[in-house]
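Please read the structure below before turning to the comments.
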Amino acid sequence: MIATTSRPAPTAATAGRPLWPALLSRPYPAVMGVLNITPDSFSDGGRFVAPEHALAQARRMIAEGADIIDIGAESTRPYGAEPVTAEEELRRLRPILAEVVSLGIPVSIDSMKPAVTDWALDAGASIANDVWGLQRDPAMARLVASRRCPVIVMHNRDRADAGIDIMQDIAAYFARSLEIADQAGISRENIVLDPGIGFGKTPEQSMTVLARLDELGSFGLPLLVGASRKRFISSVTPSEPHQRLGGSIAAHVVAAIGGARIIRTHDVAETVQALRVAAAIRDRQ
């Protein structure tokens, strides 16, 4: 296990300062640990619903080297997830969010609802993670602009379409998201782009995105990739989500080589080790 490093908790005094440069200045990507406090997430639904279990998992991920904790109270899996109200998301978040924030590393709130994101930022979260890239609810861009907080803008589609050029689709989507961000007054230095592996994509398209990730560098913004335990891995080697560690690491190392600066994962210790070893080997080149 990688020893934890003490980090100061975010404060109101630092809330307006750019967060990403501090996290992305190393030769290997920052690691975002996934904390699902939902009963129906595709990989670990129900495991961390109890506040004491969620807090223990957050502590474990920090000890293993996580740089960010991404907490979500509504499953956003592409198939079979039940939508929940903002009130239900808040009911799940209230017992745990402040406790996770107190552990001292940045916390992102994974929600598509502005009201939930607003509450979470008040409670100490420092990053908005919008799986609809500022395009589902116009209030999200206004909120992010007013709070001057870092935001993760993810590509998504209502359904997969095998007939489209997925890279063109992502590029057009990001261009639209950035136009919305500009109109709202969101600073570019606060934006990270996420191509949304597994969201509105066939397994083949998810792999295409990973293989051609460097093309998205044309936006000049940091890239986040979350391929952890995703379904495309099973299309190569049939497996259940908890059996996809090897495939997840392979995808994340490929993503790092392609330019990803943040990796979102369920398996922090193994991912940290893989990314640091890959960076050390590449340094010898």
Need the failing condition index for Arg142 against (1) touching a helix residue (DSSP H, G or I) at 6+ places or on another chain (Cβ under 6 Å); (2) within 26 Å of Arg60 (Cβ to Cβ), just the number.
(2)
Working carefully through the options Ile186, Ile164, Ile197, find the one that is surrounded by fewer than 16 Cβ atoms within 10 Å (Cβ to Cβ), in a loop (DSSP other than H, G, I, E, B) and not small (Gly, Ala, Ser).
Ile164
Conditions (1) without any contact (Cβ under 8 Å) to a residue 24 or more places away in the chain; (2) in contact with an Asp or Glu (Cβ under 7 Å, 6 or more places away or on another chain); (3) under 30 Å from Asp214 (Cβ atoms): number failed by Met140
(1)
Failed condition for Leu193, given (1) modelled with pLDDT under 95; (2) in contact with a strand residue (DSSP E or B) (Cβ under 6 Å, 6 or more places away or on another chain)
(1)
Residues (in contact with a Cys (Cβ under 7 Å, 6 or more places away or on another chain) and part of a loop (DSSP other than H, G, I, E, B)) located in the range 121-154
Ser126
The listed residue being farther than 27 Å from Gly163 by Cα, surrounded by fewer than 16 Cβ atoms within 10 Å (Cβ to Cβ) and modelled with pLDDT of 95 or more, out of Val277, Val236, Val253
Val277
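The values are calculated or read from the model by the stated rules, or taken from the named source; none is laboratory data. Remember, it's a predicted structure, so these values are computed and weren't measured experimentally. Backbone-built Cβ (ideal geometry, glycine too); neighbour counts: all protein chains shown.
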